[in-house]
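Here is the structure we will look at.
The values are calculated or read from the model by the stated rules, or taken from the named source; none is laboratory data. Keep in mind the model is a prediction, meaning the values are calculated, not measured. Please note: Cβ atoms are built from the backbone with ideal geometry, for glycine as well, and neighbour counts cover all protein chains shown.
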Amino acid sequence: MKKSRFIAGFSAMALAISAMSISAFAAPEPTKIDQTTPEPKQGQAVITTTIEPTYIVTIPADTTVAFNALSTDFGSVELTQARLDPGKQIKVTVDTDGELNNAADASKVIPYMVTAQYATGEPGGVYMPFNVKGSDLTFDTTGQAFAMEIQITENDWNKAYAGSYSDTVTFNVSYEDVPTTPDP
Amino acid sequence: MKKIAVFLLCLSMLSASALTAYADVEPNTAPGEATIGTVVPDSHKITIKVKGNGVVKVNGKEGTEFEVERLSKPVIEIKAKDGEKITKVLLNGEDITDKIVDGKYILPAVYEDGEYELTVETEKLPDDSSKPDSSKSDNSNKGTSDDSASTPATGLTASTTGVTITLMGTVALAAAAVIASKKKKDE
């Protein structure tokens, strides 16, 4: 009796699973037009394709600042390759606490600032460097880039205690909608 | 039993079907990092060029080049050479004479290599500086009366001190008084 109940239950479960929807991928049938086709004798074929968005953003490499250097080249953030959906852009935010920390004594710091300057654009355009803290870098075209610099003031160098200092800058990349400007 | 097992296996194969999964597409975010580093040296080299007749030491050491600890305040000792006294001291053109205490000047905290030009102006001390000669003449004056006889009574020599002049005069007066009293007695 127990055996028959088990068999019945298992069978029911197997049938239930097999009754679930199954995706079937069948090739579409070609349209045939012949003497029996009503006027107008036309047929249509829809061509579709899908291109997935892709992009590559390059960010600065690890950099050593020379002692007493007020301004140091920090590479660039560049959209080196992009195939974006219409209405989409790449946004890069830069996270930094703005302080180089002494390896031996974390309480001793050297303040610094990372600046970005738009490196490409319309001919004759003048782009001023700006502090990346609180600002976003946006890209929508391959080849767009921002030149980066590390800046430390003379006063901060003069007050700095001896030792090795370092800090990590994080670049967050996201794929977003281009913000729409509200109607005036 | 075998038939039942076969039947169940066939049913299992029917249930093994492909299922399509529909997953939400998340916004594509990816972080990247870059490290910034620097090294601040623990000492600096300072060079001191001395003009004039001063003797200069830095932190107790003589020389022209010194390695000092970063952010330390080196002490410069400035002395005049024998027979001279300091009248003015310039550091990189700035007059620091009034800032020198007990012959020492404290530099501001050193935060980079640097060159300092120290100009020490001096003047010769007055002839009191030939004190070894004056001390000898004092001894000779005190020592013998013959010496006092050979020198003028008032002791007007350039090397005689005021004390010596007073002693000479006193001795002369005493001698005159003795001679005068003897004469009176004879009379």
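Scanning the stretch A:164-182 for residues that are among the hydroxyl-bearing types (Ser, Thr, Tyr) and within 16 Å of residue B:37 (Cβ to Cβ) turns up A:164, A:165, A:166, A:168, A:170. Looking only at the stretch B:9-46, residues that are within 7 Å of chain A (Cβ to nearest Cβ), at pLDDT 70 or above and either surrounded by fewer than 10 Cβ atoms within 10 Å (Cβ to Cβ) or not in a strand (DSSP E or B) (or both) come to 3 in all. Considering only the stretch A:120-136, I want to know if a residue exists there that is in a strand (DSSP E or B) and touching a residue at least 40 places away in the same chain (Cβ under 8 Å). Yes, because at least one residue in the stretch A:120-136 is in a strand (DSSP E or B) and touching a residue at least 40 places away in the same chain (Cβ under 8 Å). Among residues belonging to the stretch A:82-97 that are touching a residue at least 60 places away in the same chain (Cβ under 8 Å) and part of a loop (DSSP other than H, G, I, E, B), point out the one that is nearest to the other protein chains (Cβ to nearest Cβ). For the stretch A:82-97, the residue satisfying everything is A:96. If you go through the stretch A:42-81 and pick out every residue that is surrounded by 10 or more Cβ atoms within 10 Å (Cβ to Cβ) and either polar (S, T, N, Q) or free of Cβ contacts under 8 Å to residues at least 12 places away in the same chain (or both), you end up with 11. Scanning the stretch A:145-169 for residues that are facing chain B (nearest Cβ under 7 Å) and outside any loop (DSSP other than H, G, I, E, B) returns A:150, A:158, A:163, A:164, A:165, A:166, A:167, A:168, A:169.
Quick check, is residue B:1 modelled with pLDDT of 75 or more, within 11 Å of chain A (Cβ to nearest Cβ) and more than 30 Å from residue A:69 (Cβ to Cβ)? Before you say what the answer is, go through the steps one by one.
Numbers: modelled with pLDDT of 75 or more: yes; within 11 Å of chain A (Cβ to nearest Cβ): yes; more than 30 Å from residue A:69 (Cβ to Cβ): yes.
Judged against the criteria, residue B:1 is a match.
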